[in-house]
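The values are calculated or read from the model by the stated rules, or taken from the named source; none is laboratory data. All values reported here derive from a predicted model rather than from experimental measurement. Please note: Cβ atoms are built from the backbone with ideal geometry, for glycine as well, and neighbour counts cover all protein chains shown.
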Amino acid sequence: MSYINRKLKSILLSGLLSMGIVTVNYVAFNKEVVLVVDGQEIEVNSFQSNVQGVLDENEIDYDENDIISEDLDKTLEDGMKIEIKKVERRTITETDDIPFETVEQSDSSLLKGSTKIAQEGKKGTKELIYEAIYYDGKLFEKKLVEENILRKPENKIVLKGTKEKSQPKSDNSTKSIKTSTSTSSKSSLGTKMVVQATAYSGDGITSTGTVPKWGTIAVDPKVIPYGTKVYIPQFGQYFIAEDCGGAIKGNKIDIFMNSESQCVDWGRRTIDIYIVK
C-alpha cells in the first residue's frame, strides 16, 4: 500500500471517528511498528496481520540474502521493532608484496670473513581475491578465496669468502742450501748468519716509521742495520730490516706474521739467514 493510500485510509478513519462510526476493531487491529532500514528508524501504523505484510505495505525491498530480525510469517504486534539489514556480496581484488629471501653462497675466490653481494633482492607481487559481505553498505566480513602469483621474488645472493690467507712456507718447502758450522760466512746469496728467530704480529708503526707487514723483520740495528735486505731460506724470499725490539739483541731477529696463531706455530727457531745488503 502506498503512502497516499495509507493517508487516505487515515483520513477516512478520522472521519469515521468524528462521526462516531467506529468499532473496537480499529483499536484492536491497528499496530504501531518501528521499521529499521539502512540504520534509520521509521515509525508506521499498520493493520497487517504479519511481518511480511507490513514490509510489503511500506514497499521495503528485501531478498533472500537480507537479514530480517523477525520471521516473515510472525504475527504483527503493537510496538514491534523490525530491523532489515541489506546483505550484499562482492568480490574484492587486491595486490600485495612477496618479500625476497637472502641466500648465502660460499666463494673460494674471496678471503675468509669477507662478503660480496652478487645479486640484489627484488620483491614479488601476488593477487589476493576476497569474498566480501556488506551489511547496509558497510563491510562485515572479508574471506580470502584465491591467491595468484603475478611476479615471483628474486632472492638476494650474498657470497661468503672461504679462501684462507696465504701462510708462510713451512720448513718442508725450503730450498736446499749448503750451510757451514760457522755463525757467519759468505756465499752467492750473501753473508750467512745463524740467528735465533721469533715471530710477532699486531698493528702499529715500526721503528723506521713504516707499517709492519709480511716481509718485515725486527733486528738489532747494531748487528743488522735498518734497511738491510735479508734472505731467509725457510720462506724462500727476502725480508727488510725495518723494526727492532727490546728483546732483540745480538744475533736475533723477530719476523712479522699475519696472525697470533702463526706466531705461536712458529715459536722460537735457530735458522740461517743471508745478509744481502
> Would you pick out the residues in segment 110-122 that are under 16 Å from residue 100 (Cα atoms), among the charged types (D, E, K, R) and either surrounded by 12 or more Cβ atoms within 10 Å (Cβ to Cβ) or not assigned by TED's automatic domain parsing to the domain that holds residue 151 (or both)?
Replying inline: 122
> Pick from segment 207-235 the residues that are over 46 Å from the mean Cα position of the chain (by Cα) and exposed (fewer than 13 other Cβ atoms within 10 Å of the Cβ): which of them is farthest from residue 189 (Cα to Cα)?
Replying inline: 209
> Do any residues in segment 186-214 that are under 22 Å from residue 261 (Cβ atoms) have Cβ atoms under 7 Å from those of residues that are part of a strand (DSSP E or B) and among the basic types (Lys, Arg), where the two are at least six apart or on different chains, and which pairs are they?
Replying inline: 196/252; 197/269
>> Quick check on my filter: what residues within segment 54-71 are touching a strand residue (DSSP E or B) at 6+ places or on another chain (Cβ under 7 Å), in a loop (DSSP other than H, G, I, E, B) and not hydroxyl-bearing (Ser, Thr, Tyr)?
In response: 58, 60, 65, 66, 70
>> Can you tell me which residue is nearest to the chain's Cα centre (by Cα) among those in segment 34-56 that are acidic (Asp, Glu) and at pLDDT 90 or above?
In response: 41
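With the structure loaded, tell me whether residue 211 is part of a helix (DSSP H, G or I) and under 30 Å from residue 112 (Cβ atoms) or whether it fails that test.
In short, no.
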>> Consider segment 117-139. How many of its residues are closer than 30 Å to residue 63 by Cβ, assigned to a strand (DSSP E or B) and touching a residue at least 24 places away in the same chain (Cβ under 8 Å)?
In response: 8
>> Which residue is surrounded by the fewest Cβ atoms within 10 Å (Cβ to Cβ), if the candidates are limited to segment 140-161 and must be in contact (Cβ under 8 Å) with a residue 24 or more places away in the chain and β-branched (Val, Ile, Thr)?
In response: 149
>> Tally up the residues in segment 256-277 that are in contact (Cβ under 8 Å) with a residue 60 or more places away in the chain and either out of contact with any Gly (no Cβ under 8 Å at 6 or more places or on another chain) or not in a loop (DSSP other than H, G, I, E, B) (or both), please.
In response: 15
